[in-house]
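The values are calculated or read from the model by the stated rules, or taken from the named source; none is laboratory data. Since the model is a prediction, treat every value here as computed from it, not as a measurement. Positions of Cβ are generated from backbone atoms using ideal geometry, with glycine treated the same way; all protein chains shown enter the neighbour counts.
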Amino acid sequence: MNYKLMNSISLLMKRIFSNKYVKLIVKLLLTLVAFYIVFKNIDIKQVLPLLGHSNFWLLLLSMLFFMLSKYISAVRLNMFFKQIGIFMDEILNIKLYLLGMYYNIFLPGGIGGDGYKIYILSKTFNRKVKSVFWAVLLDRVTGVLALFCLCVVMFFLVPLTIPYKWWLLVLIPLAVVCFYFFLKIFFKDYLSIFNKTNMLSLFVQVAQLISAALILKAIGNDGHTGTYLFLFLVSSVVSTIPFTVGGAGSRELTLLLGAQWLGLDKSISVSLSFLFYFITLIVSLSGIFYAYCSILPEIENVDESKS
């Protein structure tokens, strides 16, 4: 095949998949495939009783810890914004964060929550789109770094015999040091908040881990809690990859495959995923208020006061 034909095909594929509607269709298909695999490999008659007889108060407490994790996430993101001269009080920042959550879950075919924040803040505060984009992306990377470190720690609760297993702990300082030097080389302005943002990220993931542990307790799980929580953290990493609609299906599929691999109860594993996603939906739905009662005037007023 000659190079001109290859370039033409490459350009055509790029144009096709750059279309937001095509992306949405692909995501929908992948989501349906993921759920098809999940439901094909579980006995729904075993899952429904777990969901229906869950302890309501433990689920409510789980939701509170999830909300706490999102509050800390919003505070962390605001720290990144302040480094590029975007100053918002925490109340306004949380409103914008909830709106972003709503867009990420319920409007997956559009620009998404992060895209909306990047556009609005760059326009309102007269900052380069690239600057706001990197602030948002580095905030996400900080969260994934904390997830990775917790995954390594929780892996020691998984009953697998692996030679030199303890050497895996070296990966934690190695990952942190690599991220530090990455910032030092390319984004020196963020070094001053390196310790604080990483600590907040750890708090975020611990709060979500407690939320998951409470769900397991709510559905009556009494064994292998550490292994389930390890799989939950792995599924959280997978869910950050935007190849399904709002992360739906990817977490469920990861927990299912992990349960099969480790010989766990698939019904408990999938129930954990369903309930956690349901909690995410409820909290994200609260952002609908700010979608219809625009917070843009509040953001513009902040800009005027800082100008």
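Here is the figure for the range 50-108: residues that are in contact (Cβ under 8 Å) with a residue 40 or more places away in the chain, under 17 Å from Ala291 (Cβ atoms) and not in a helix (DSSP H, G or I) total 1.
Does the range 129-149 contain at least one residue that is at pLDDT 85 or above, touching a helix residue (DSSP H, G or I) at 6+ places or on another chain (Cβ under 9 Å) and either over 23 Å from Phe187 (Cα atoms) or not in a helix (DSSP H, G or I) (or both)? No; the residues of the range 129-149 include none that is at pLDDT 85 or above, touching a helix residue (DSSP H, G or I) at 6+ places or on another chain (Cβ under 9 Å) and either over 23 Å from Phe187 (Cα atoms) or not in a helix (DSSP H, G or I) (or both). Among the helices (runs of 4 or more DSSP H) confined to the range 188-276, the ones with at least 2 residues that are of a type in the set (Val, Ile, Thr) and surrounded by 18 or more Cβ atoms within 10 Å (Cβ to Cβ) are located at 194-218, 225-239. Look at the range 253-268: where a residue is free of Cβ contacts under 8 Å to residues at least 60 places away in the same chain and a partner is assigned to a helix (DSSP H, G or I) and among the basic types (Lys, Arg), sitting 6+ places away or on another chain with Cβ atoms under 9 Å, you get Leu255/Lys266; Ala259/Lys266. If we scan the range 141-159, do we find a residue that is buried (at least 18 other Cβ atoms within 10 Å of the Cβ) and over 30 Å from Thr225 (Cα atoms)? No, the conditions are met nowhere in the range 141-159.
How many residues does the range 156-174 contain that are part of a helix (DSSP H, G or I) and touching a helix residue (DSSP H, G or I) at 6+ places or on another chain (Cβ under 6 Å)? Give the derivation first.
Step one: list which residues in the range 156-174 are part of a helix (DSSP H, G or I), which gives 156-157, 165-174.
Then drop every residue that is not touching a helix residue (DSSP H, G or I) at 6+ places or on another chain (Cβ under 6 Å), which leaves 157, 168, 171-172.
Number of matching residues: 4.
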